[in-house]
1. Going from most exposed to least, what order do 115, 803 have by accessible area with a 1.4 Å probe?
2. Could you give the accessible area per residue of the range 146-289, probe 1.4 Å, as a whole number in Å²?
3. Where in the range 288-320 does the label zone of residue 596 land, with the point 7 angstrom along Cα→C-beta and an amide N cut-off under 20 Å?
4. Over the heavy atoms of residue 365, what accessible area does a 1.4 Å probe trace out, to the nearest 10 Å²?
5. At 0.36 nm per residue, minus the direct Cα-Cα distance, what do residue 140 and residue 192 gain on full extension? Give it in nm, one decimal, please.
6. So how exposed is residue 235, as accessible area in Å² (1.4 Å probe, rounded to 10)?
7. Testing the spin-label approximation: label points 7 Å from Cα along Cα→Cβ at residue 55 and residue 76. State their distance in nm.
8. Could you give the nm distance between label points at residue 147 and residue 23, where each point is 7 Å from its Cα heading toward the beta carbon?
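The values are calculated or read from the model by the stated rules, or taken from the named source; none is laboratory data. These numbers were taken from a predicted model, which means no experiment stands behind them. Cβ: placed from backbone, ideal geometry, glycine included. Neighbour counts: every protein chain shown. Calculation scope for accessible area: heavy atoms of the full protein, side chains included, ligands and nucleic acids excluded. Shrake-Rupley method; radii C 1.70, N 1.55, O 1.52, S 1.80 Å.
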Amino acid sequence: MGLRRFFQRRQAERDLDDEIRFDLAEESRRLIERGEPADSARAAARRGFGSITRIKEETRQAWGWAGAERLLQDLRFAFRSVRTSPGFSLAAVLTFTVGLGLCSFLFNTLDALLLRPAPGVREPAQLVATQAPVAFAYFDSYRSLRDVAAATAAYNGPVPFNLAVANGDAAQAERVSGHLVSLEYFSTLGARPLLGRFFEPDLDRRGGPPTAVVSERFWRTRLNADSHVIGRAVWINRQQATIIGVAEKGFQGLFPIVPADIFVPVTVDPAVAPELAGNALEDPASRAFRVFLRLAPGVTINAAEAALDARTRQLDDTYGYRQPNQERAPRRARLIRAGTVAPYPTELRRLFVMFFSAMTALILTFTCANMAGLVLARASARRHEVSLRLALGAGRVRMIRQLVAESVLLAIAGGAGGLAATYGFVALLTRVVAASPLFRLAVQLTPDPRVAALTFLVSVAAGIALGLMPALVVTRTDLISGLKGHLGTSLARYHRFGLRNLFMVYQITAAMALVVIMGFLVSGIQSGASRDAGFTAEGLSVLSLDPVRDGYSLDEAAGVLAGLSERLTEVDNVEAAALIDSRPFQQFALPDTTASIPGGRVPEEETIQRVAVQTIGPGFFATLGVPLERGAEFSNRDFQSTAASGATPAVINHTAAELFGVNPLGKIFRLDERVLQVTGVVKYGLPPPFRVAPSPTVFLPLTVRALQQPRPQGIAVLVRTREGDGLEPVRRSLNRIDPNLTVFDARTMHDQLDDLYLVVRYTQVIYGVVGLFALVLASVGLAGVTAHAAIRRRKEIGIRMALGARSLQVLGLVMREGAIMTMLGAGIGVTFAYGLARLLMAINSELGQALVLSTGNPMRLLAGPAILIAVTAVACYLPARRSAHLNPLVALREE
């Protein structure tokens, strides 16, 4: 009732007035009936009734919303006050918008990648998964660990499927990413079907008719949201299958950072899923399945990992399997959290959380420190107004509440702008990444209600804190001095390191830390932005083929691919062609394989190094146009080789050659458990971000035997055509060679390189914007502090100049304070930045590469601090120069 009356308070006020008039009229009528004159009766009625204003106030108090009414009055007054100072208000709102926008964007990115649960998964906190894939035979054994896992499932993915929805027409087939799953997959995740059912052990037995489950997105976009889709036939790799279910909206499998649109059970025939060929489910050496578990009640991830590790050791001993470098790995089975969208290991999750948290805390506190300087300056300027209002009887609590309301109003406006800026940043990120076909951003980065709620709460908290601090000070001022407008008391008194100066020192500290760290990252990424890979991209194209998913058997697919390069070179417009196991520069080559080099850089000692590995066919370097520095590339004999014993020939790039210390030709080394012999050295490779040189890379020969294995990404073909011919002649040539082959991901090398560095450039822009924001905000804040200090010392400066002080001396006097704050804050900020850099380097070696590259270069070492100091010097000089040209007579007359 009270709440409804509050929103209808105008009507309530009218009703109260009517009731008061009625009571006065009744009392006047009663007195008139007693014989009193009308005027005297009305006057007596008013005297007897009492103070109408007091009665109204008491009535409103009884209604229970007097406090809310005063709050609305304070907000209305705050809004009017904000409108009277448009410059200050605009600066405050823009500061909050950019600062809170960056913080909200960083938190939203962290939330989307690490904190947000995977869509469609029930109780995601109870899900864990193996960090590395295992054999399906191991999964069969893990299922018996009922004391630690309430349910266990496995999947192989992402797996590509050529999917056609109409009569198996190859021309209508599209390449769809999916998962090859155990029958417990959906029940372990707790997913629910939108239509139909999921796989069940009693219904989907091995040897039965092929079945499939599709995602809601695929059902909506490719099947036209057909409500009668259950039982409909589709063609998977040219094999007919039946749709038995549609997953609920949003569900796209475990770890949906790489989304799955189709789910096929492991019970299907290998013709439907080539990954199952060769008895893959029983072969303990076929490690292609990732296992995930739903923890039993009360079981921790550490306990489950210990149990899984013990079982893994037993299975390794049973199958005679020895993990590479297992003596350096205390555990053979490691678990990671599986309820989020990305399969990041625990160490990497900690790195992301630490880095994003540090950046968010720096930006947020830096923004608040800048705002604190602004509100302190505004409070000092309004000291006369506050003193006048207090002298006229305004309560101190009411004054504090009104000043805090102004600050909260600005903070909320800035928070709304920050949330809008977050949507802008997210839209930019989504658009930039979507423009590159090499990077698929499947995660929805759109801020959810948690991000909006956090932004609002931070805005309100910052507004209250920033408004309360100056309000407590300015309302405690001496009224006489305040009414006189004297600047020498309380908040306005000159302190060499007063409250505003302390805030300014922190601003310089945070700005220096942000500028240095962002400079490290930008320059570290820029170190890898060179495109000098040692070849000319003109006329080069790369495309992918997958004959197995075009309906060929493994042997037939190997036969089709074996002679493809020679047949392509017979075409007039093709100069050279070569097969490779994966597209060059599809992603930056990351060193993920351990190489053991005897007698490397240190004689008589074994060098252990992580290297990248790529398998290439004959003529690869000739097609690229990259001559070998030493030795020769692989021949057709290597391509046809079936020998399983002896040393495998290997070509290494110039970065890997440095690991040998001497001429590497003929040297024997190990790659995990394989014995290799160096037969060539080539200068080749693009440096990835965080490195100044390409990763050490080992090239192995592609063989016919390797072509007989199923490949999730197909086989890539590198083609060099006459300059300007493009991809169409290659497509026509392949169609003439074999019309059943489906060409996908066909791109020129120029386009692929552009796509490769698109995200790199975007990352540089983001880091650069953060650094620029810190630079500008610190400079503006320092300029404001210096200008305010000059105003406070206006009388002192006038006296000094009247006594003969020169302009240069006044300039130095005003700039000295800003210089001290700049140097103090810069020293603390650089120390903090280097401490954080060393900590991040200790956690992650790849990030450490970027920071080491930057900190090891004197120019990069000094560039950020030098720029910040130069800009802050200019920020101090401008108001100081104005003070140096002050007319002393005018200044003394004002005092």
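1. Numbers: 115 80, 803 150 Å².
Putting 115, 803 in descending order of accessible area: 803, 115.
2. Numbers: 5730 Å² over 144 residues.
Per residue, the range 146-289 has 40 Å² of solvent-accessible surface.
3. 316-317, 320
4. In the full protein context, residue 365 sits at about 60 Å².
5. On the way: separation 52, 0.36 × 52 = 18.72 nm, distance 2.43 nm.
16.3 nm is the gain from fully extending residue 140 to residue 192.
6. Residue 235 has an accessible surface of roughly 50 Å² with all protein chains in place.
7. 2.4 nm
8. Here the modelled spin labels are 8.0 nm apart.
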